[in-house]
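In what follows, a single structure is set out as structure tokens and then discussed.
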Amino acid sequence: MNSAQVGMSITDPSLPDNPLVYVNDGFYTLTGYSFEDAVGKNCRFLQGPGTNREAIIAVKEAIRLKESVTVELYNYKKNGTPFWNELHVEPVYIESENKTYFIGIQKDITEQRAYIDRITELSTPIVPIDDRISVLPLIGDLTPKRSADVMSAVSSYAADSEDAVIIVDLSGLIKMENNEAASLIQLHSILEMMGTELVLTGVSPMLILQTSSHLISDLSSIRTFMNVKQAIKALT
């Protein structure tokens, strides 16, 4: 187990704060935290300001229910370097001790995420429809980093183009967490101050179910249409 090429850890939820009781050399290679640094502490020391809270909640719920779970966490190494951590957590019952431990397997997927983000950016340009309207189709996951990139790109584009309307099409999204929904609300406010209207299209029931009720209420202030074609027809 100590020679594994991936990070491996074990926690004991029967102890206060579910501390780590073992980490392998791969954990040190991945995070910079040695056995002595990590053991006896809850693994939240890997978290930071950019950590996606929904993934943390999913892990906590899986531990509560004694279920396995796989998430992608935005974590931080000991030296402060951020990285994307693919974490798989598996409960293991030890009959001789009559208790359950949790084994964590960590893998650095930062390069894969960067590649996917780059492909996504290239496949979702802001497309001008006429001198008043442009469309931004979003495809894949709306991650925290991508939300920030979208806000920056759309705001800059609106200032340069002086468009009256920017349509953000969500029909290609497969996942949108609460923080990202909040980013759309913030983008709506920014564009409104610039004299540009944000219009949403392709809001699926799946995306609505992933969003908290108070955010749904705020999103309802943004004009929406079933699809881009319907929006353009109504706006021209």
Legend entry - Members of the range 95-113 found to be touching a residue at least 40 places away in the same chain (Cβ under 8 Å) and either part of a loop (DSSP other than H, G, I, E, B) or among the hydrophobic types (A, V, I, L, M, F, W, C) (or both), listed by number: F102, I103, I105
Inset, instruction - Filter the range 211-236 down to the residues that are of a type in the set (V, I, T) and outside any helix (DSSP H, G or I), then identify the one that is nearest to I133 (Cα to Cα). - result: T236
Inset, instruction - Could you tell me whether the range 26-38 includes any residue that is touching a Ser or Thr at 6+ places or on another chain (Cβ under 9 Å), of a type in the set (F, W, Y) and in a strand (DSSP E or B)? - result: no
Inset, instruction - Kindly establish whether S171 is among the polar types (S, T, N, Q) and in a strand (DSSP E or B). - result: yes
Legend entry - Qualifying position, being under 24 Å from L207 (Cα atoms) and either in the same structural domain as Q230 (by TED's automatic domain parsing) or surrounded by fewer than 19 Cβ atoms within 10 Å (Cβ to Cβ) (or both), among D160, D141: D141
Inset, instruction - Tell me, please, whether a residue that is farther than 12 Å from V135 by Cα, of a type in the set (V, I, T) and surrounded by fewer than 13 Cβ atoms within 10 Å (Cβ to Cβ) can be found in the range 174-184. - result: yes
Inset, instruction - Pick out the one residue from K77, K41, K66 that is over 18 Å from I10 (Cβ atoms), in contact with a strand residue (DSSP E or B) (Cβ under 9 Å, 6 or more places away or on another chain) and outside the structural domain of G172 (by TED's automatic domain parsing). - result: K77
Legend entry - Residues of the range 2-47 that turn out to be among the hydrophobic types (A, V, I, L, M, F, W, C) and within 16 Å of I109 (Cα to Cα), as a count: 5
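The values are calculated or read from the model by the stated rules, or taken from the named source; none is laboratory data. Because the structure is a prediction, the values reported are computed rather than measured. FYI the Cβ positions are ideal-geometry reconstructions off the backbone, even for glycines, and counts take in every protein chain you see.
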